[in-house]
Every structure is written in structure tokens, then in C-alpha cells.
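Below is one structure; the comments refer to it alone.
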């Protein structure tokens, strides 16, 4: 809790919890901004939601002497719109297969370029590594570094297989087995991306929410309050952890790899 260096006036309400929720919470300003901004500049509609309605329905709930963020009853659908927009943006944009593979290629390039394969610990030197600096390195290195060459000419590894958004343990084991099988057949540069995962909202369904966990309340017309998780069925549906795994290979080996997998499948039948 924030400690204030000045005396409180009578009936002072500590705003620390409220400010924390506004800056970094499930309904924070950053989340509202980046979804709309990314949606605009990516040219997609997935991240759009009724931000004006959502903001107009924000209110305050007093809980244990603290002011906390809450929603008026009429704003529940606007909150659900935000959650759905974020869910779709992650699946269609942030977890897009080409975006994910370029993350991998850029990571490999920087690991080969930076001293010891690590970013500098000194803050001033770290801040010098902006987009322009890295792009100039790529331009300098594309004839002598494979990863820089891939970035310069936009030569990315190609997608072979991917799991469902909420795969079973058996499906994860299956894609791992395919990677080993294709390695044995000489397919080049196989890469299994197992990093596209996470829970897209911390608003857990009520049956998983402990008494000690802070809730966002929906405030009714007559002052009655209900936890948002209890009012929204959408939270029930999108709370499952996403674990999207993808298998890539060298772009020139895609046809060969698919043919091998097809023949294996036919042989199994």
C-alpha cells in the first residue's frame, strides 16, 4: 500500500487500489488503448469494442475503506466486448503463425549478434538498441548471417502443423512425435513453437475465485453489487488457458515434409 507523507483529511479515501486497477488491471487504460490502436494499424476488426460505452459505465465501489473500480449494470456487455476483442486479437494477430515465426528468427539473429548472445545490462547501452539500430545491423549482415538474411528477404520458415487452441495432452505429444519423425527423415530446420500460450483474462469464473481475491463488482441500479464473473457467461467461456503449438520447417522442405506425413498416415490406415 502507498504511504503518504502528509496528514489525511477526515473521511479521506485512499485511491491507491483504484489507480492500480486503472493503470494495470483487467480493465486498464493501456489494454483499451493497445487493442484499438493495434486493430487500426493491422487493418483488422478483431480488436474493436465500444470503448465510449465502457468508460461511461465505470464507477467506484467502496470495499474495506478503499475505492475500487466497478461497473454499472448496463456496462457488462461493453466489458464482455473488451474481453472478446482481446481474445480474438491474441488468436488472430498476436499469436498469428507468421508473426510468431519472425519472433523466433529475430531472437536467433540477436542471439548471434549481441555479445554473449545477451542484451547489455547497462541501461544506456540497452536503450540504444532501438528499431533503427537493429534494422541497420540486419542491412549490414544479410550477406553473412543466415538469420539476418531471412529477415532482410522475408524468408521465414513455413508452417507444417498446429494444435487446437486448447489442445489435449495427447495432441501435444502427437506434434512432438511428428517433429522427431520428420527429423529422422532429413527435414531441415524443424522448429516447434510452444510459446503461444497463456490465460487471456485473470477474471476467473466464480467457482475458482477465492474469498481473498479482489473482484470487480457490477453495481445495480439500487446499489446492489454482484461480482462481474457471476454476471458474465463470457468469462466462463474464455478463461481456459490457450496453448497453441506449431511445427515449422525450412521453406524448401514443406512439400517433402507434407508428402512424408501423408504417406505415414496412409500406411497407418
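The values are calculated or read from the model by the stated rules, or taken from the named source; none is laboratory data. Keep in mind that this is a model prediction, so the values were computed, not measured. Quick reminder, even Gly has a Cβ in these numbers, built from the backbone with ideal geometry, and neighbours come from all protein chains shown.
Just to be sure before I move on: is residue 85 closer than 30 Å to residue 216 by Cα and outside the structural domain of residue 192 (by TED's automatic domain parsing) in the structure I sent? Spelling it out, residue 85 is indeed closer than 30 Å to residue 216 by Cα and outside the structural domain of residue 192 (by TED's automatic domain parsing).
All conditions in (1) exposed (fewer than 12 other Cβ atoms within 10 Å of the Cβ); (2) under 30 Å from residue 220 (Cα atoms) hold for residue 54, with the sole exception of (1).
From the set of residues in the range 1-18 that are assigned to a loop (DSSP other than H, G, I, E, B) and modelled with pLDDT of 65 or more, which is surrounded by the fewest Cβ atoms within 10 Å (Cβ to Cβ)? Don't jump to the end; show me each part of the working.
Going through the range 1-18, the residues assigned to a loop (DSSP other than H, G, I, E, B) turn out to be 1-13, 15.
From the residues that got through so far, the ones that are modelled with pLDDT of 65 or more too are 11-13, 15.
Numbers: 11: 5, 12: 10, 13: 12, 15: 13.
Checking each candidate, the answer is 11.
Evaluating residue 90 against the criteria (1) out of contact with any helix residue (DSSP H, G or I) (no Cβ under 6 Å at 6 or more places or on another chain); (2) surrounded by fewer than 18 Cβ atoms within 10 Å (Cβ to Cβ); (3) under 29 Å from residue 243 (Cα atoms) leaves one unmet condition, (2). In the range 19-55, of all residues being touching a residue at least 40 places away in the same chain (Cβ under 8 Å) and in a loop (DSSP other than H, G, I, E, B), the one that is farthest from residue 232 (Cα to Cα) corresponds to 44.
Selection within the range 56-72: residues that are in contact with a helix residue (DSSP H, G or I) (Cβ under 8 Å, 6 or more places away or on another chain) and not in a strand (DSSP E or B). The member of this set that is farthest from residue 226 (Cα to Cα) is 56. The sole residue among 213, 264, 236 that is modelled with pLDDT under 95, over 28 Å from residue 93 (Cβ atoms) and touching a helix residue (DSSP H, G or I) at 6+ places or on another chain (Cβ under 9 Å) is 264. Can you find, within the range 138-167, the residue that is nearest to the chain's Cα centre (by Cα) among those that are assigned to a helix (DSSP H, G or I) and crowded, with 18+ Cβ neighbours inside 10 Å? My answer is 151.
Being within 30 Å of residue 48 (Cβ to Cβ) and either surrounded by 16 or more Cβ atoms within 10 Å (Cβ to Cβ) or touching a residue at least 40 places away in the same chain (Cβ under 8 Å) (or both) is a property that holds for residue 95. Just one of the listed residues (103, 28) is under 30 Å from residue 151 (Cβ atoms) and surrounded by fewer than 16 Cβ atoms within 10 Å (Cβ to Cβ), and it is 103.
Among the candidates 75, 65, 47, which residue alone is modelled with pLDDT of 90 or more and either within 17 Å of residue 216 (Cα to Cα) or not assigned by TED's automatic domain parsing to the domain that holds residue 226 (or both)?
75
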